[in-house]
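Have a look at the structure below before the remarks.
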Amino acid sequence: QVQLVESGGGLVQPGGSLRLSCAASGTISVINTMGWYRQAPGKQRELVATIKSGASTNYADFVKGRFTISRDSATNTVYLQMNSLEPDDTAVYYCNFITSYRRYWGQGTQVTVSS
């Protein structure tokens, strides 16, 4: 059974930084795309960033220049470095892996940006 295990969330002041990690446990097929999504209270889940196996990246406009996604394919781990955090970045962040056969979701990690 494959599980995605996230870590790195927490409480940070505006302007601060956090680094999220997500690793797959268990045997998983080749991961084509890794990504991060987020869901704020009362809002729909939205794309934050994705990175493909060839390392091409895609970012939502609201995080460009502030967040950086990276991956370690050898360990099936994806990272999200978040800088210059704003209160509007407060949400539960979910990692997402896509293989040729299915999509996997992490359990979510809370990020709260508040003074």
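When the surface is traced with a 1.4 Å probe over the full set of protein chains, Asp88 keeps roughly 130 Å² accessible. Our summary of shape: the Cα atoms of segment 20-115 have principal axis extents of 41, 25, 19 Å, ordered from largest down, in whole angstrom. The figure for Thr99 is an accessible area of roughly 10 square angstrom, using a 1.4 Å probe on the protein chains alone. Along the charge dipole of the chain, pointing to its positive end and built from +1/-1 on Cβ of Lys, Arg, Asp and Glu, which listed residue (Tyr59, Thr99, Ser73) has its Cα farthest out? The Cα lying farthest towards the positive end belongs to Thr99. In this simple spin-label approximation, Arg19 and Arg66 carry label points 7 Å from Cα along the Cα→Cβ vector, and these lie 2.0 nm apart. I'd like the carbon and sulfur percentage of the solvent accessible area for the chain, probe radius 1.4 Å, heavy atoms only, ligands and nucleic acids excluded. Roughly 46 percent, rounded to a whole number. Taking 0.36 nm per residue of separation and subtracting the Cα-Cα distance, full extension of the segment from Ser100 to Thr27 would add 24.9 nm.
Summarising the label geometry, the points placed 7 Å from Cα in the beta-carbon direction at Thr57 and Ser114 lie 2.9 nm from one another. Computed from point charges on the beta carbon alone (+1 for Lys and Arg, -1 for Asp and Glu), the dipole magnitude for the chain about its Cα centre is near 260 Debye.
Enumerate by residue number the chymotrypsin sites (Phe, Trp or Tyr not before Pro) in segment 20-115 meeting two conditions: DSSP loop (anything except H, G, I, E, B), and at most 13 other Cβ atoms within 10 Å of the site's Cβ. Of the chymotrypsin sites (Phe, Trp or Tyr not before Pro), the ones in loops of segment 20-115 whose Cβ has at most 13 other Cβ atoms within 10 Å are Tyr101. Normalised by the number of residues in the chain, the mean separation of alpha-carbon contacts (under 8 Å, six or more apart) gives a relative contact order of 37 percent.
The values are calculated or read from the model by the stated rules, or taken from the named source; none is laboratory data. Please read all numbers here as calculations on a predicted model, not as lab measurements. All Cβ positions, glycine included, derive from the backbone under ideal geometry; neighbour counts span all protein chains shown. Ligands, DNA and RNA are excluded from the accessible area calculation, which covers all protein heavy atoms including side chains. Shrake-Rupley method; radii C 1.70, N 1.55, O 1.52, S 1.80 Å.
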